[in-house]
């Protein structure tokens, strides 16, 4: 893909950036070569701006490893080993890595992010497709996944966490802010969310579910041990806990919000070691079967 001087000028770049562009490339040049040159010159912001203006390409680059100050690539990157970048990683299409991926700044992938090892982002992590990691994912900022999320080990996010599809996590989920899931959330360990947690389908945890504000699922909620929230607990169908179900002081526990009352015995069962305080709706079924 070739970008001409007039084509770039039509996007109204900043004066300093356009002057540098003309000095380096004259009347224009290859799109990806421009991105590489900008990154090499330390003009990572200009490279990100150019990618935002002209979008992704179908170019595919295969390398053994990546160790760099920053990466801005318009197509798909396939890395046989790991990716270790001190600053920003921006990829227009997809990034596939045979080992781990670390970004010292924002990690933004336009398509899928598939990593055999772990993922660590010191800034925001934004994936336009599916996010799949064989090990854990640790994000120091906001995490947004516009597809499905699958993590083999733990998932930790220090900022808001949003997944458009299903989220499957092999061990614990820890979100230091709120979490929203467009479909179901499933964890092989505990789920801990500092703010509110909402799933448009169901929530399942092998361990405990502990939420700092409101807990809500449009389908059912099930935990191997306890379900606790500092606010209200709302389930469209059933609520099941191996131990206790506890809402915050002054808040209620609601089951069966998405089913008619005559169907509560089958589809809005509330099971726990003891009836939860503040049970406002649903059919109390006694302790959950082992």
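Could you tell me whether any residue of the stretch 45-53 is assigned to a loop (DSSP other than H, G, I, E, B) and in contact with a helix residue (DSSP H, G or I) (Cβ under 9 Å, 6 or more places away or on another chain)?
Looking for residues that are assigned to a loop (DSSP other than H, G, I, E, B) and in contact with a helix residue (DSSP H, G or I) (Cβ under 9 Å, 6 or more places away or on another chain), one finds none in the stretch 45-53, hence no.
In the stretch 277-284, is there at least one residue being in the same structural domain as residue 167 (by TED's automatic domain parsing) and within 28 Å of residue 164 (Cβ to Cβ)?
no
Yes or no: the stretch 73-88 includes at least one residue that is closer than 24 Å to residue 194 by Cβ and surrounded by fewer than 22 Cβ atoms within 10 Å (Cβ to Cβ).
The answer is no, given that none of the residues of the stretch 73-88 is closer than 24 Å to residue 194 by Cβ and surrounded by fewer than 22 Cβ atoms within 10 Å (Cβ to Cβ).
Kindly list, by first and then second residue, each pair from a residue in the stretch 107-122 that is within 12 Å of residue 89 (Cα to Cα) and assigned by TED's automatic domain parsing to the domain that holds residue 163 to a residue that is modelled with pLDDT under 95 and surrounded by 24 or more Cβ atoms within 10 Å (Cβ to Cβ), limited to pairs with Cβ atoms under 6 Å and residues at least 6 apart or on different chains.
Sorted first by the residue in the stretch 107-122, then by its partner, the list stays empty.
Quick one: residue 29 ticks every box in (1) touching a helix residue (DSSP H, G or I) at 6+ places or on another chain (Cβ under 9 Å); (2) in a strand (DSSP E or B); (3) more than 20 Å from residue 125 (Cα to Cα); (4) at pLDDT 90 or above bar one, so which box is it?
Only one criterion in (1) touching a helix residue (DSSP H, G or I) at 6+ places or on another chain (Cβ under 9 Å); (2) in a strand (DSSP E or B); (3) more than 20 Å from residue 125 (Cα to Cα); (4) at pLDDT 90 or above is unmet by residue 29, namely (4).
What are the residue pairs meeting all of these: first residue in the stretch 202-216, first residue farther than 18 Å from residue 188 by Cα, second residue in a loop (DSSP other than H, G, I, E, B) and at pLDDT below 95, Cβ atoms under 9 Å, and 6 or more apart or on different chains?
none
The values are calculated or read from the model by the stated rules, or taken from the named source; none is laboratory data. Not measured: the values here are computed from a predicted model. Here Cβ is always computed from backbone atoms with ideal geometry, including for glycine, and neighbour counts include all displayed protein chains.
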